[in-house]
1. So what is the relative contact order for region 77-125, in percent, with contacts set as C-alpha pairs under 8 Å and at least six apart?
2. Which value, in debye to the nearest 20, gives the size of the charge dipole of the chain about its Cα centre, when Lys and Arg are +1 and Asp and Glu are -1 at the Cβ?
3. Report for region 2-237 the percent antiparallel among DSSP-assigned beta bridges with both residues inside it, nearest 5.
4. Among 40, 328, 241, pick out the residue whose Cα is farthest towards the positive end of the charge dipole of the chain, where Lys and Arg carry +1 and Asp and Glu carry -1 on C-beta, about the Cα centre.
5. In terms of the Cα gyration tensor, with a ≥ b ≥ c the square roots of its eigenvalues, is region 34-183 rounded because a/c is under 1.5, prolate because a/b exceeds b/c, or oblate?
6. In degrees from 0 to 90, rounded to the nearest 10, what is the angle of the helix 341-355 Cα long axis to the longest principal axis of the chain?
7. Please give the contour-minus-distance gain from residue 35 to residue 197: 0.36 nm per residue of separation, less the Cα-Cα distance, rounded to one decimal in nm.
8. What does the helix-only formula give at 222 nm for the chain: each DSSP H stretch with n ≥ 4 adding -39500 (n - 2.57), the total divided by the residues, and the result rounded to the nearest 500 deg cm²/dmol?
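All of the numbers you see were taken from the coordinates with simple rules; none came from a lab. What you see is a predicted model, and the numbers here were worked out from it, not measured in a lab. Positions of Cβ are backbone-derived with ideal geometry, glycine not excepted, and every protein chain shown enters the neighbour counts.
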Amino acid sequence: MKLLLFADLHLDAPFAWASPETARSRRRNRRETLTRILTLADEERVDAVLSAGDLFEHERVSPDTVEFLRASLARTDVPVHLAPGNHDWLSARSPYALVDWSPNVHVFSEPRLAPVTLADGLTLWGAAHRAPANTDGFFAGFRPDRGGQHLALAHASERSLLGWQEDGKQPHAPFDAREIAEAGIAHAFLGHYHLPRDADRHTYPGNPDPLEFGEEGERGAVIVTVAADGSVTRERRSVAVSRVHDVTVSLEGAAHEDDVRAAVSGAIADLSGCVRVTLVGELGPAAAVDVRDLARLGEHLDGLVVRAGQLSVGYDLDTIRAEQTVRGEFVRDALEAIDDEELRRRVLLTGLRALEGRADLEVA
């Protein structure tokens, strides 16, 4: 049995960090990614396509996107099994409930594992989120009511990965890895975590087209071959349309604005797609850093985001402290009054920039 697994496509995602034009482009890319996934399924002659949730954004999905999705899935003869997640949760007004899906599409609709026969002796158990939050785990206490080998499809959070994966991820349908074996499931195909992970008894494919900066790992669609004993072999395939880069740019020793612009321009010159630049290093005290102006250097890119990271200014505090000036008094007071080293640094840099009438206070 050969399967294609994907998850977390997030059609119609908002891309709030991007300009309206860039956001529209990224949303179009997600549609093309789905087309690539279905083309790959046909080329590989898989027996079924599995979507492990967050196929679209429930509160944002447009009628046009819903029709695109319906028509795309109808163009293949391959059976498609959909397990709604916390972003595309199943409700009475969900596209999952309202659309007249083609006969090859099956939507799991129960908030518990329910069966579909893939082949003689091979059952796929799938579950749906019926609310955007507070969904209980699907595996604890579950036992199949039939023989043969058993697979599972769900949008669920393996507890040991919370915090290790994306910061701020909520534990939707949480479970412990051991619960899969205890439930008699040979392998579980899962969505929710956007970083890919292959474990002995479960697979997270990762989001197939990048959503955010900082996403790492070999994400994409996973071609899964299931043996007679329920064991699996996995082959990851890239289907992404978008290119997303995270770049750290050192401004160490930059003396003026042109030095800053040259450093950023050089770092992004050969890149394409969307880029996030993080500025680090110690600037000369006269150097101007305007992150909004620097973002205009990315005209050849789909989008450029510039932010200050561990960036500081090389003020000679000993010399300034000796001055009989307002800024000298400010430095003396800060050095005496603030014990926390990092807080003291930020107060000093922000205050000195402000006293100079500088607008680029984010350098602190």
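1. Values: 42 pairs, mean separation 17.1, N = 49.
Over region 77-125, the number comes to 35 percent.
2. Values: 40 positive and 59 negative charges, 233 e Å.
Using Cβ point charges on Lys, Arg, Asp and Glu, the chain gives about 1120 debye.
3. Close to 40 percent.
4. Of 40, 328, 241, it is 40.
5. Details: a/c = 1.69, a/b = 1.17, b/c = 1.44.
It comes out oblate by the Cα gyration axes.
6. Value to nearest ten degrees: 60.
7. Numbers: separation 162, 0.36 × 162 = 58.32 nm, distance 2.35 nm.
Using 0.36 nm per residue and subtracting the Cα-Cα distance, I get 56.0 nm.
8. Theoretical 222 nm ellipticity from helices: -7500 deg cm²/dmol.
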